[in-house]
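The structure under discussion appears below in the form of structure tokens.
The values are calculated or read from the model by the stated rules, or taken from the named source; none is laboratory data. Treat the numbers as computed from the prediction; the structure is a model and nothing was measured. Cβ: placed from backbone, ideal geometry, glycine included. Neighbour counts: every protein chain shown. Just the protein is used for accessible areas: all its heavy atoms, side chains included, with ligands, DNA and RNA removed. Shrake-Rupley method; radii C 1.70, N 1.55, O 1.52, S 1.80 Å.
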Amino acid sequence: MKLIKPKAELLPWSPGIEGVYKMIELAGRTCYRSEDKITEDSAKPFVDRMIASKHTAMLEHGTVYLIGKDELSKSILIAHYSENKYSKLRVIPDNNRGIANYVVTTNLRVLVENNLLDDLQYLCDPTEFHEMRYTFRLTTDRGVSHELVRHRKMSFAQESQRYCNYFKNKFGSGITFIKPDWFCALIDTFEPNKEMHRILQKEEYSFCSTLFEAEIVYKFLLKRGLSPQEARAVLPNATKTEIVVTGFASDFRHFFDLRFFEKTGKPHPDMKQLATLMKEEAEKQGIWEDIMKQPSKFKTVPSTN
């Protein structure tokens, strides 16, 4: 058994169609924790298998940026994406010639399911006029992940307890759990002679002993012949999970409004902790300003200071 803290990582964007494929593969392999199978040329075959098996949800993590500069391409982009709720089309006025160009931010699932793969001829690197999409890989617990997926405009790829056997060597032959915010605070705050610390160390009240017991029963059920998807019934919300989250900058603005800025009330402390880690990562990677410039759905209350 291992106890770890939550983590947040912004996954880097890579140019071209190969970059689209690589992000999809990384997201998809998170579900089965098969990242060890990623090679320099494994991305396209992986995506091809996803398409052939109609497992197109993973394609949402492949962000596609398009641009139309002539009349034909502009008319195509308008026809294909102006009414598509999973895409963002914007007009770029050309002040020198008075001719407007069009840019689109979408994802590969939109293209595949609408038979629009020919539009990849308009693929481009993102410009300052595209609305950006970002992808985070988060390490958190199952309870927090259940709240994350309520942000339904985003796309998710999550470590699967149905298929991951946590007693295989790739998982360290044991289960990893996330330290709750309150647990870290108690351990950091109380000295060994304090009452609360003594309570935590008593086996009958111990958070750690509860997790250890769940791990033992999970292993026992596997040895009795149950599959991981059956044995997972005994695993608690504290069980570690990895989840890849992709969304528009505006989606993340809404997420932070709720989970960090507390616009609708106090979030769960562990969710607030994760949102704080995501904010710190966004600041470190230079995307925080882009997220915060997106319009908020909540009115700004004037300061009384």
Burial order of peptide ranges 146-154, 21-29 (average beta-carbon count within 10 Å, highest first): 21-29, 146-154
Paramagnetic label zone (point 7 Å from Cα along Cα-to-C-beta, residue 285; backbone N under 12 Å) in region 1-39: 8-14
For the chain, with +1 on Lys and Arg beta carbons and -1 on Asp and Glu, the positive-most of 80, 178, 39 along the dipole: 178
Alpha-carbon centroids, region 1-63 and region 228-267: separation in whole Å: 19
Highest-fluctuation residue, 136, 256, 207 considered, GNM on the chain with Cα pairs under 10 Å: 207
Computed label-point distance, nm, for sites residue 233 and residue 266 using a 7 Å Cα→Cβ extension: 3.5
Prolate/oblate/rounded label for the chain (Cα gyration tensor, a/c 1.5): oblate
Difference of contour (0.36 nm per residue) and Cα-Cα distance, residue 94 to residue 171: 22.3 nm
Residue with peak Gaussian network fluctuation, the chain [Cα springs, cutoff 10 Å], from 213, 242, 131: 213
Surface per residue (accessible, 1.4 Å probe) for the chain, Å²: 55
Peptide ranges 6-14, 279-287 listed from the most packed, as the mean C-beta count within 10 angstrom indicates: 6-14, 279-287
Set of lysines with alpha-carbon distance to residue 44 below 18 Å, sequence-local pairs under 8 removed: 22, 54
Contact order normalised by residue count of the chain, Cα under 8 Å, 6+ apart, percent: 23
The chain - percent of accessible surface contributed by carbon and sulfur, probe 1.4 Å: 51
C-alpha long axis of helix 16-32 to longest principal axis of the chain, angle in °: 20
The chain: calculated mean residue ellipticity at 222 nm from DSSP helix runs of at least 4, using -39500 (n - 2.57): -11500 deg cm²/dmol
Size of charge dipole - the chain - debye, nearest 20, with Cβ of Lys, Arg +1 and Asp, Glu -1, no other charges: 800
Contour minus Cα-Cα distance for residue 10 and residue 125 (0.36 nm per residue): 39.6 nm
Segment residue 118-residue 216, extension gain: residue separation times 0.36 nm, minus the distance between their alpha carbons: 30.0 nm
Formal net charge of residues neighbouring residue 237 (Cβ-Cβ distance under 9 Å; K, R +1; D, E -1): 0
Cα long-axis angle, helix 43-52 against the chain (0 to 90 degrees, to the nearest 10): 90
